[in-house]
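Peer 1: Before I ask anything, here is the structure I am working with.
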Amino acid sequence: MKNTVTVNIYGRSYPMTTDESPEYTEKLADTLNTRFAKLREQKSTLSIQDAAAIISLECLDELVKNKQTEQNIRTQISAYAEDASDSRAEIEKLTKELEKRDERIRQLEREIKLRQQFSDEETAAQMVKGSIDRALGGQNTQRAAAPAQQARPAAAQPASPAPVQTAPRVTLPISERGQAAAAPKTDK
């Protein structure tokens, strides 16, 4: 919306049509009047036109420098945004790698539990028998806990041999037809 405002700049009135508010335009005119006054205090011999030219040049200098600063800030913001994007991509990559490692840890933990279960069983035969017992609903749960020595491999068993007992020898007399006689004889 266009606004019409009359501003007073160094003793002269200027009617203006602007998109800005009247208050803003009047504030600009006040700033310009302040600059005129300071410049005239420093150099009282300057004409109004010379003072206006010097102030215009100073304002243009400020404008150009501010635009350069703005461009530098925009460049820095773009660089920061790019760095942030790169950082997000790196975080995403590291997160996926961490998830893979967490899964590998869970996998190793499951493997350790399985190995512990297998090591808790005395022998493979006892493992199978235990599985059968569980499958039959515990009907053959007569299995006694084996001593720790039986769970060890043969190489780890004590070296002392157990006494060997032999059963008595039984001989049966053979009749002429090749059948055993009724009464067995035992040799001791």
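The values are calculated or read from the model by the stated rules, or taken from the named source; none is laboratory data. What you see is a predicted model; the values in this text were computed from it and never measured. Positions of Cβ are backbone-derived with ideal geometry, glycine not excepted, and every protein chain shown enters the neighbour counts.
Peer 1: Would you pick out the residues in region 49-64 that are exposed (fewer than 11 other Cβ atoms within 10 Å of the Cβ) and within 14 Å of Y10 (Cα to Cα)? Explain how you work it out, then say what you get.
Peer 2: Let us first name the residues in region 49-64 that are exposed (fewer than 11 other Cβ atoms within 10 Å of the Cβ), namely 49, 57, 60-64.
The one that is exposed (fewer than 11 other Cβ atoms within 10 Å of the Cβ) and within 14 Å of Y10 (Cα to Cα): Q49.
Peer 1: On to the next question. Kindly establish whether N8 is modelled with pLDDT under 95 and on the phi < 0 side of the Ramachandran plot.
Peer 2: Values: modelled with pLDDT under 95: yes; on the phi < 0 side of the Ramachandran plot: yes.
Yes; evaluated as a whole, the condition is true for this residue.
Peer 1: Just to be sure I understand, how many residues within region 1-48 are assigned to a helix (DSSP H, G or I) and charged (D, E, K, R)?
Peer 2: To start, the set of residues in region 1-48 that are assigned to a helix (DSSP H, G or I) comprises 22-42, 48.
Retained after the next criterion (residues that are charged (D, E, K, R)): 23, 26-27, 30, 35, 38, 40-41.
Number of matching residues: 8.
Peer 1: Need pairs with beta-carbon distance below 6 Å; first residue farther than 30 Å from N3 by Cα and within region 21-49, second surrounded by 12 or more Cβ atoms within 10 Å (Cβ to Cβ) and modelled with pLDDT of 90 or more; sequence gap 6+ or separate chains.
Peer 2: Pairs found: L39/A51.
Peer 1: Within region 119-134, restricting attention to residues that are surrounded by 10 or more Cβ atoms within 10 Å (Cβ to Cβ) and of a type outside the set (D, E, K, R), which residue is modelled with the lowest pLDDT? Don't jump to the end; show me each part of the working.
Peer 2: To start, the set of residues in region 119-134 that are surrounded by 10 or more Cβ atoms within 10 Å (Cβ to Cβ) comprises 121-123, 126-134.
With the extra rule that they be of a type outside the set (D, E, K, R), the set shrinks to 123, 126-128, 130-132.
Numbers: T123: 65, Q126: 73, M127: 69, V128: 78, G130: 77, S131: 80, I132: 88.
Looking at the filtered set, the residue picked out is T123.
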